[in-house]
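Let me begin by presenting the structure, written as structure tokens, before commenting on it.
The values are calculated or read from the model by the stated rules, or taken from the named source; none is laboratory data. Everything numeric in this text was worked out from a predicted model, so none of it was measured. All Cβ positions, even for glycine, are placed from backbone atoms using ideal geometry, and neighbour counts span all protein chains on display.
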């Protein structure tokens, strides 16, 4: 098995890619400020899932990295909201779509964390 088979990683990857593309369309004054921050936080979600998966033999480590992925998801949501509130994201439908996907990913990550917490053997996928 691979982390690539995890639905939460797949969705985090897709979200990070879409946010990356969206961020490159931001006004120049946001491109290197909030744009850079939202790119990093969204990519951090997927990276923390991967790093946790690599340490899944140690349940506490796995949970720690999944928790960091969840926190990065919250940070991404906050950057997204801030960009919309300051009119740097002008496309309301795109904003709503990304926000909804970020929130859905949070719910799935939360359920995934709960399932890892319940496992005796973290090698079970």
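Key figures for this structure:
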{"quantity": "Within segment 77-98, tally of residues that are buried (at least 16 other Cβ atoms within 10 Å of the Cβ) and either on the phi > 0 side of the Ramachandran plot or without any contact (Cβ under 8 Å) to a residue 60 or more places away in the chain (or both)", "calculated": "5"}
{"quantity": "Subset tally (residues that are buried (at least 16 other Cβ atoms within 10 Å of the Cβ), over 13 Å from residue 12 (Cβ atoms) and either under 11 Å from the mean Cα position of the chain (by Cα) or modelled with pLDDT under 95 (or both)) for segment 99-124", "calculated": "1"}
{"quantity": "Selection from segment 28-58 of residues that are more than 19 Å from the chain's Cα centre (by Cα), without any contact (Cβ under 8 Å) to a residue 40 or more places away in the chain and either surrounded by 20 or more Cβ atoms within 10 Å (Cβ to Cβ) or not in a loop (DSSP other than H, G, I, E, B) (or both)", "calculated": "28, 29, 31"}
{"quantity": "Candidates 88, 44 - the one that is touching a helix residue (DSSP H, G or I) at 6+ places or on another chain (Cβ under 6 Å) and closer than 18 Å to residue 108 by Cβ", "calculated": "44"}
